[in-house]
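The values are calculated or read from the model by the stated rules, or taken from the named source; none is laboratory data. Predicted, not measured: the structure shown is a model, and the values here were computed from it. As a convention, Cβ positions derive from the backbone with ideal geometry for all residues, glycine included, and neighbour counts pool all protein chains shown.
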Amino acid sequence: MKNRYLLYLFFFFISFFNTNLVVANEFEFNVSEIIISDNGNIIETKKGTAESLIDGININADTFLYNKNTSLLTALGDVKVTSIRNNFLIETQSIIYNTEKKEISSKDNTLINDAQGNLVKAQAFLLNLNNDVIKIEKMKMVNLQQDIIKLDTAYINLSTGNLIGKDVSIDLNNKNFNNENEPRLKGASLRSDLQTSTLTKGVFTTCKKNDDCPPWQLQASKIKHDKQKQIIYYDNAWLKVYDKPVLYFPKFFHPDPSVKRQSGFLMPKFLDSTALGTSINLPYFNVISDNKDLTFTPRLYFNNKILAQTEYRTIDADTENIFDFSFLNDPDGTNQNHFFSKSKKKLYLDGFEDSDLYLNVQTTSDDTFLKTYKVKSPLIGSTNSLRSSLGLNLNKEDLSFNSELQVYENLNANKTDRYEYVLPSYTLSKDLGYVFNTNGNTTFASTGHVKNYDTNITESVNVNDLLYNSNYDYSQVGLQKNYKILLKNTNNKGKNSPAFKEDRDHTIGSLFQYNMSYPLVKSGSKYNDFFTPATTINFSPNKSKNNRGADTRIDSNNIFSLDRAGGPESVEGGLSVVYGLEYFKTNIENQNIIEAKIASQLRLEEDKNLSINSSLGQKSSNIVGNFVINPSDHISVNYDYSIDENLRDTNYQSLSSIFKINNFITSFEYINENKSLKNSFLSNETTYNIDDNISIGFNTRSNKETSLTEYYNLIYQYKNDCLIAAVEYNKDYYSDRTMRADESIFFKLTIIPFGETISPNLRK
């Protein structure tokens, strides 16, 4: 008995003064407090660690209870389990460690970090230390690709990272998708390793998780996600739209959502034309390197024509290149093509902050090829004219310089006079600052070109401008004043030119401009009114250059300008006075709800050398103005006008308006220019949103010269975050040589983010 009491006393002493104890060669405890009972078979500890020397497991917890009889170690409170061998970390509130079966389990919420960098959340787990396989219930994993994987039941090998499970859903990394999309995979079962994940009876979609039946999905017998190549592969796949099969693919693949650029086929597209028949585009995008790619688009016509188009792009720190070209192979032996390019090379020249050399090339084998075959390219600015150029840009803080060689081709002109050559042109601008130590700023600008057109006409022009612009002076009553002085030197020479002499013509001109305005403000509780009368006096002792044929027009925005006459070759001669009013009404948010401008000009003597289209040469010019009203978010009207001084004839008017009434939006644009009826038209765009997803749209444009409709378009559209489906009707009355009027009805389907596909013409 005495010995037993001594033994208890010994263990009590150890519990207070010794924190290290090896028990039965199973665990080494490093704790703050320890109690041993039942002849050493039961050990209780407080706050510390327990390490299995056999299994290589280290456990940190608030309390431990080890029963040697049952071979069970129970750990409670902020439990952390680490493996020396496999480098994983398990965090939970309680575990049971069966040393005989080599199993660790828990029914508490658990966080697991494995050796591969995956982060796993579980409602319960069972870890078998013999094979390092952990069984997880209700698993949620975030892998290295930042995909979120959810499984009802999963098995993970903590040493290899291999995963199997059932009832799987995977939320894919969305960093390069539209934020509205939620790309994800679902399947009956999953097998995954570091490189691939394979699902059986799988489904892929990018649609939001707000619908049991997503607007679209790819359903396949097997889906394989190659995480290294960042590609998703499908076997026996169906594209389903609202669970209805639309397209079947025996084999299919596409980049996963983490990829910005990935080689692969893009969405096919059908095209129809009355003149050419039906065709299908089959674009293929190829990533060559991080800074190089191309898109190859063969267009296959059902009448055996083939149009092949290629767009090649490359970019780096110093160079940008885009090359776009196509070739048409016609069975009748007719071959047509186009070639466009845009290149830019950054230069590093001493003394300049920014400098570059650029080259643009545009050419086509046939005048109507681009329009007839509806060739699309980011480099096509117009299907009526082409422009090629070679140029140099130099810039620094107070200096800019550009020089350019240009070739223009008018595709609507005759072969003999369709080209215009500018060899070369240049512009130079230099900010001289306050060089004369005056109350203002001085700038120097020089422009010039040598132009050849209509086969045998040559014109050479050099213009030098020295402009002084004074600072504004404010009187005590609020009158604003400033003045500008322009000195212009012009050198012209022509050959067979209607505008310039054969001999070099040197002219020096000057122009003085004096500006005055008197801003008035009336402030109110809801609105503020701004009223500004203004006048400008222009005087030049020189005569105006003959510019009667210039296509220029004055309006309320440029009538006060120094260079309103159009063309840089000469100053506007004589004495003239411009007078006008400007009115603004703003609300408390400082938004303009009403804008109004009106102005006109008086001239001492008529100047017949100025453009007949501008009325600037008349003693009393047209009255020009602008009126804008934005009373609410529902209405916006903008009206520009130019009226004869007799207030009877309108020479120019432009009206644009937008009306929004609930789900109804309509806009109109009307332009009418009496001296150029070809620019007179009326267009309308109308949209009615039936609900958040469905809309009906109508577009049309009428030519006021011919009183004929140019086109009209009617579209019924359904749109959500991941799909656009539309039925569209088009009637195009435009015709040009090989092009004829066309009529079409087609179905358009856009799968976000894969692109758009269009059906053949249903009208046929």
Just to be sure I understand, how many residues within the stretch 121-147 are in contact (Cβ under 8 Å) with a residue 24 or more places away in the chain, part of a strand (DSSP E or B) and over 22 Å from Ser52 (Cβ atoms)?
2
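For every residue, the table says whether it meets (1) within 17 Å of Thr757 (Cα to Cα); (2) out of contact with any His (no Cβ under 9 Å at 6 or more places or on another chain); (3) at pLDDT 85 or above; (4) not small (Gly, Ala, Ser).
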| site | (1), (2), (3), (4) |
| --- | --- |
| Tyr234 | no, no, yes, yes |
| Ala237 | no, yes, yes, no |
| Asp243 | no, yes, yes, yes |
| Pro250 | no, yes, yes, yes |
| Val259 | no, yes, no, yes |
Select from the stretch 229-274 the residues that are β-branched (Val, Ile, Thr) and assigned to a strand (DSSP E or B) and write down the one among them that is surrounded by the fewest Cβ atoms within 10 Å (Cβ to Cβ).
Val246
Please go through (1) closer than 28 Å to Asn464 by Cβ; (2) in contact (Cβ under 8 Å) with a residue 60 or more places away in the chain for Asn587 and return the number of the only condition it doesn't satisfy.
(1)
Quick count over the stretch 131-141, residues being at pLDDT 90 or above and either surrounded by fewer than 17 Cβ atoms within 10 Å (Cβ to Cβ) or outside the structural domain of Ser189 (by TED's automatic domain parsing) (or both), is 2
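Being more than 23 Å from Asn321 (Cα to Cα) and either touching a residue at least 12 places away in the same chain (Cβ under 8 Å) or crowded, with 16+ Cβ neighbours inside 10 Å (or both) is the filter here, so list the residues in the stretch 331-351 that pass it.
Step one: filter the stretch 331-351 for residues more than 23 Å from Asn321 (Cα to Cα), giving 331-336, 350-351.
Of everything in the stretch 331-351, those that are more than 23 Å from Asn321 (Cα to Cα) and either touching a residue at least 12 places away in the same chain (Cβ under 8 Å) or crowded, with 16+ Cβ neighbours inside 10 Å (or both) turn out to be Pro331, Asn335, Gln336, Gly351.
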Here is a list of conditions, (1) of a type in the set (A, V, I, L, M, F, W, C); (2) surrounded by 15 or more Cβ atoms within 10 Å (Cβ to Cβ); (3) in contact with a strand residue (DSSP E or B) (Cβ under 6 Å, 6 or more places away or on another chain), and Cys207 meets all of them except one; can you say which number that is?
(3)
Just to be sure, is Phe369 outside the structural domain of Thr455 (by TED's automatic domain parsing), aromatic (Phe, Trp, Tyr) and surrounded by fewer than 17 Cβ atoms within 10 Å (Cβ to Cβ)?
no
Output the number of the condition that Thr295 fails; it satisfies all remaining conditions of (1) touching a residue at least 24 places away in the same chain (Cβ under 8 Å); (2) of a type outside the set (A, V, I, L, M, F, W, C); (3) farther than 21 Å from Gln336 by Cβ.
(3)
Residue that is nearest to Gly625 (Cα to Cα), among those in the stretch 651-707 that are surrounded by 16 or more Cβ atoms within 10 Å (Cβ to Cβ) and aromatic (Phe, Trp, Tyr)
Tyr652
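Listed here are the residues, each with its yes/no results for (1) polar (S, T, N, Q); (2) more than 33 Å from the chain's Cα centre (by Cα).
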position	(1), (2)
Gly580	no, yes
Lys585	no, yes
Asp607	no, yes
Gln618	yes, yes
Val628	no, no
Asp640	no, no
Ile643	no, yes
Arg648	no, yes
Which residue is farthest from Lys545 (Cα to Cα), if the candidates are limited to the stretch 465-507 and must be surrounded by 12 or more Cβ atoms within 10 Å (Cβ to Cβ) and among the aliphatic types (A, V, I, L, M)?
Leu479
Condition first: of a type outside the set (Lys, Arg), farther than 23 Å from Arg313 by Cα and not in a loop (DSSP other than H, G, I, E, B). Now tell me which residues in the stretch 385-401 satisfy that.
Ser385, Leu394, Asn395, Leu399, Ser400, Phe401
Only unsatisfied item for Asn651, checking (1) part of a strand (DSSP E or B); (2) free of Cβ contacts under 8 Å to residues at least 24 places away in the same chain, is (2)
If Gln195 satisfies every condition in (1) surrounded by fewer than 15 Cβ atoms within 10 Å (Cβ to Cβ); (2) of a type in the set (S, T, N, Q); (3) over 30 Å from Ser83 (Cα atoms) but one, which is the exception?
(3)
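Residues to consider are Ser326, Ser382; find the one that is part of a loop (DSSP other than H, G, I, E, B), within 30 Å of Asn303 (Cβ to Cβ) and among the hydroxyl-bearing types (Ser, Thr, Tyr).
Numbers: Ser326 fails: part of a loop (DSSP other than H, G, I, E, B).
One residue alone meets the criteria, Ser382.
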